[in-house]
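Quick notes on the structure that follows.
We did not get these values from a lab; they are worked out from the coordinates using the rules stated. Just so we're clear, the structure is a prediction, and the values are computed from it rather than from any experiment. Positions of Cβ are backbone-derived with ideal geometry, glycine not excepted, and every protein chain shown enters the neighbour counts.
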């Protein structure tokens, strides 16, 4: 058993010396044509029955020789186990040192190349998204112009009904807020390599200016139309109140005439003409309140004011004259608001047509190669 253990120790020592020899290659690389001979493990034999201890001695020698020469190793017959290790000297290999450096630079250049390709793909994708979103504006622009033209055609002075204006949400410019402006100028530069950078900046600025006008027009259209609805509602409500006040004043006017003549005022020359107008134009719409301001102006208030003007010296007509004048002012305000919104719609049509005309040129400048 002990003998087996010793044999294993010898084998282990051999591998230890073998490993140590490989580690010394770097240190001995400066010496040319030298050889390491690591050997000579000498273990004294043991007297197993007497359990004698074992001593080991290690001799190391560096001997230079040619691989074609014979090597004589002196030995002694002293019953020791001898291990001789011969290793050829490694030559200094530049490739082993240059290869890691070359690999490092190759890795750096490869990463830069891959990053450049990745950035180019990203810029191209972002630029194509800009172009696609701009191209998608063509149809909404046409529909917006048609909506404004229909509004003007249907918004006649004789018709009190207010048509709607469709403000297309695709023209509000919100989609462009999510796009990168820097990516756009890089994309323009990529497609216009022969152009000066100033020209590239101009193309980018024109694009952003185009979008700014688009956003302004959309917001202004919604704001102006809503303001028109609010003002129209305000003046219409005031007109309704003045109509009610006129009705109360007209009843009092009839009572005053009845007191004065001591008879019903139905046949009185001052009362009857106004009563006929009131019966024809006001009473049919008292229930539903669907008065047409333009019709009231032409068919009721102008004739009433003419009649009251002939009786202007009669103090009993003063309340009728005041309420009629106020109602006329309300109707004028409604007509002015209607005219104002029509002018705005006409201006909007001109601006949207300009944007529609410039759209294709803008896209072509961005895509130009």
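Look at the alpha carbon pairs under 8 Å that are at least 6 residues apart: their mean separation over the length of the stretch 116-185 gives a relative contact order of 47 percent.
Give me the percent relative contact order of the stretch 99-369, please, defined on Cα pairs under 8 angstrom at least 6 residues apart. Across the stretch 99-369, relative contact order equals 32 percent.
If eta is 0.692 mPa s and T is 37 °C, what Stokes-Einstein diffusion coefficient results for the stretch 99-369, Kirkwood Rh from Cα pairs, in µm²/s? The Stokes-Einstein estimate is 136 µm²/s. Ordered by the count of other Cβ atoms within 10 Å of each Cβ, fewest first, 255, 213 give 255, 213.
With both labels modelled 7 Å from their Cα along Cα-to-Cβ, the residue 285 to residue 336 distance reads 2.1 nm.
Between the C-alpha center of the stretch 310-369 and that of the stretch 129-149 there is a gap of 25 Å. Neighbour counting of Cβ atoms within 10 Å sorts the residues 207, 236, fewest neighbours leading, into 236, 207. Taking the fewest neighbouring Cβ atoms within 10 Å as the starting point, the ordered list for 268, 196, 262, 180 is 262, 196, 180, 268. Taking each residue as 0.36 nm, the span from residue 198 to residue 276 lengthens on full extension beyond its C-alpha to C-alpha distance by 20.5 nm. Using the Cβ-Cβ distance between residue 177 and residue 222 with R0 = 25 Å, the FRET efficiency computed as 1/(1 + (r/R0)^6) comes to roughly 0.90.
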